[in-house]
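Single-structure report; data block below.
The values are calculated or read from the model by the stated rules, or taken from the named source; none is laboratory data. Since the model is a prediction, treat every value here as computed from it, not as a measurement. Cβ atoms come from the backbone with ideal geometry, glycine included; neighbour counts cover every protein chain shown.
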Amino acid sequence: MESNVRVRFAPSPTGPLHIGGVRTALYNYLFAKKNNGTFILRIEDTDQTRYVPNAEKYIIDSLNWCNIPFDEGPNKNEKFGPYKQSERKDLYKQYAAILINSSWAYYAFDTSEDLDFLRKDHEENGKTFIYNWHNRAKGKLINSLVLTADEVKAKINAGENYVIRFKSPQDEVLEMEDEIRGKITIDTNTLDDKILFKSDGMPTYHLANIVDDHLMEISHVIRGEEWLPSMPLHVLLYRAFGWNTPKFVHLPLILKPVGKGKLSKRDGDKLGFPVFPLSYTNKETDEISKGYKEEGYFADSFINMLAFLGWNPGTEQEIFSLDELVKSFDLKRVSKSGAKFNPDKTKWFNQQYMQQKNDAELTDLYLPILSEKGFFIESETKKSVSNDKITSLKTARYDELYVQKVVASIKERAIFVADFWELSSFFFEAPTTFDEKASKKNWKENTSEIMHQLIAVISKIEDFSSANTEKEIKEWITTKEIGFGQVMQPLRLSLVGALKGPHLFDIIEMIGKEESIKRIENAIKNM
Ligand code: GLU
């Protein structure tokens, strides 16, 4: 049964979603699912100047890729819709009016030039300009606290620009509660009278956010630490409206891998890792930013890694499926201090997930790469290869089962599916070059002669299974008293082109007798 837990992820569509934002969405999702609650997506697009048209789609695509879809949101179960603030515009004005009528807010007509002048003037005297209780009604500032009701009406009717400001209380120690940080107190005299409603007829983030959280019956506000400074105003707004406050949960920042401060896109560019879930093209600059998906990270590994940036289960276990995360997630185990992003650990997670994935699944991911390289894979993929491509395909045919075996033998060395080719090309084509250093060291004067003898041995082997070829070749080496290294290294060089790859006899079994002999002959010729 659905509980009263209702949480929301409320991004502003100003660009691609940073991984910090994905982590916020994830914690909201985990908390909702753990408590049989509802996970809501609300698009906070009241700041028209920063609006980026494709960002909303990017956000939704990212949540879907991460497998953390919202229960309610734009075009989905619109129980309290619309879920886009720009479509709720008219609503906010009414709520601003309520605050004016109850004297919790006031009209202010100060021009931006006037305010800039005051700011500069304060700066020159080493002070910071704050618009609040200490100056709002002293006459220098033009607002409805100093003007008469008629004067205010006249200004508004004359079309003068105005904003609506919150009248923050004087001389009060405000006590607040954060689920992670505990009790927080603030002296209200330090707060400025924030703008709630702008001259362009749009609410600011603060007003729209509170009104919507209330109307959408949000029970817990789970968001990044950067919103902690807004908490006093939000708590005061709830009080001003006479509404119950939701619980507040401010998540720790995700920090740079090296140095101090918040993880930024620049850190990713510098150290070579993505900070976005999906790749993103900035339409204005044409700049393409890398995404985890396109860089070959598995969504479940990415999510597992993100979950650990600020939370831990209190045990040694690190690999958690999404279901396990839901079961184990607890706000009590979210840390207060920032979590350092670790690109190596991120790769480590992917490697762990690689080992866990079954071979058939990985094969599906490898097949398109192989057909791109011109290998003809029989079965399903055959259908997807177009006719004009078939003429350029390599002659060797492989079936899916063969690819599955290849994948099984190399996956433990791979971090990404994109590593597969480098690790397994020799299963599909003979080496054309031979590692120079290894050849010099291992292909001695008598090696070609030994390899000729080996060809004769191999031709006679009937059971070409890995175990049997290993047995027969090793027996021959022992009787001939040649020394294993003198045969095995040149043999590996012949088949692979370098001293790498999985168990040699597995390779022999896979490529078969004829191909093995061909490769040894080719090596003899080229050394
Ligand atoms: N629109 C805000 C953002 O972009 C939402 C902050 C909040 O969750 O209250 O992150």
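General observations
- Residue list for the stretch 225-246, restricted to those being within 26 Å of the chain's Cα centre (by Cα) and surrounded by fewer than 19 Cβ atoms within 10 Å (Cβ to Cβ): 226, 227, 228, 229, 230
- Scanning the stretch 261-281 finds no residues that are free of Cβ contacts under 8 Å to residues at least 60 places away in the same chain, surrounded by 16 or more Cβ atoms within 10 Å (Cβ to Cβ) and charged (D, E, K, R).
- Criterion (buried (at least 21 other Cβ atoms within 10 Å of the Cβ), touching a residue at least 40 places away in the same chain (Cβ under 8 Å) and more than 15 Å from residue 66 (Cα to Cα)) met by exactly one of 366, 297: 366
- Lone qualifier among 71, 61, 90 - being over 28 Å from residue 290 (Cβ atoms), among the acidic types (Asp, Glu), more than 14 Å from the ligand (Cβ to nearest atom) and at pLDDT 95 or above: 71
- Considering only residues in the stretch 1-55 that are in contact with a Phe, Trp or Tyr (Cβ under 8 Å, 6 or more places away or on another chain) and among the hydroxyl-bearing types (Ser, Thr, Tyr), the one that is farthest from the ligand (Cβ to nearest atom) turns out to be 29.
- Restricting attention to the stretch 45-84 and to residues that are among the β-branched types (Val, Ile, Thr) and in a loop (DSSP other than H, G, I, E, B), the residue that is surrounded by the fewest Cβ atoms within 10 Å (Cβ to Cβ) turns out to be 52.
- Test: residue 217 is among the acidic types (Asp, Glu) and surrounded by fewer than 17 Cβ atoms within 10 Å (Cβ to Cβ): yes
- All of 451, 488 fail the test of being on the phi < 0 side of the Ramachandran plot and free of Cβ contacts under 8 Å to residues at least 24 places away in the same chain, apart from 488.
- If you go through the stretch 200-225 and keep only what is assigned to a loop (DSSP other than H, G, I, E, B) and closer than 30 Å to residue 330 by Cα, you end up with 216, 217, 218, 219.
- Hey, residue 344 exposed (fewer than 14 other Cβ atoms within 10 Å of the Cβ), without any contact (Cβ under 8 Å) to a residue 60 or more places away in the chain and part of a helix (DSSP H, G or I) or not: yes
- Scanning the stretch 404-441 for residues that are touching a residue at least 60 places away in the same chain (Cβ under 8 Å) and either in contact with a Cys (Cβ under 6 Å, 6 or more places away or on another chain) or among the aromatic types (Phe, Trp, Tyr) (or both) turns up 416, 426, 427, 434.
- Any chance residue 193 is at pLDDT 95 or above, out of contact with any His (no Cβ under 9 Å at 6 or more places or on another chain) and away from the ligand (no atom under 16 Å from the Cβ): yes
- Out of 163, 173, 211, sole residue that is modelled with pLDDT of 95 or more, within 14 Å of the ligand (Cβ to nearest atom) and not basic (Lys, Arg): 211
- Strands (runs of 3 or more DSSP E) enclosed by the stretch 89-199 - at least 3 residues per element that are touching a Lys or Arg at 6+ places or on another chain (Cβ under 8 Å): 105-108, 163-166, 173-178, 195-197
- Near pairs, Cβ below 8 angstrom, 6+ apart or cross-chain, from the stretch 1-23 (touching a residue at least 60 places away in the same chain (Cβ under 8 Å)) to any residue that is among the hydroxyl-bearing types (Ser, Thr, Tyr) and near the ligand (Cβ under 10 Å from one of its atoms): 9/24; 12/205
- Sole residue being free of Cβ contacts under 8 Å to residues at least 12 places away in the same chain, charged (D, E, K, R) and either within 21 Å of residue 110 (Cβ to Cβ) or exposed (fewer than 14 other Cβ atoms within 10 Å of the Cβ) (or both), chosen from 183, 167: 183
- Pairs, first in contact (Cβ under 8 Å) with a residue 12 or more places away in the chain in the stretch 212-227, second more than 8 Å from the ligand (Cβ to nearest atom) and small (Gly, Ala, Ser), C-beta under 8 Å, six or more apart: 219/37; 224/20; 225/338
- Criterion applied to 278, 237 was being more than 17 Å from residue 342 (Cβ to Cβ) and within 15 Å of the ligand (Cβ to nearest atom), and the one residue passing it is 237.
- The residues of the stretch 400-420 that are over 10 Å from residue 359 (Cβ atoms), within 30 Å of the chain's Cα centre (by Cα) and in a helix (DSSP H, G or I), listed by number, are 410, 412, 413, 417, 418, 419, 420.
- Count - residues of the stretch 246-281 that are within 23 Å of residue 10 (Cβ to Cβ), in a loop (DSSP other than H, G, I, E, B) and touching a Gly at 6+ places or on another chain (Cβ under 8 Å): 6
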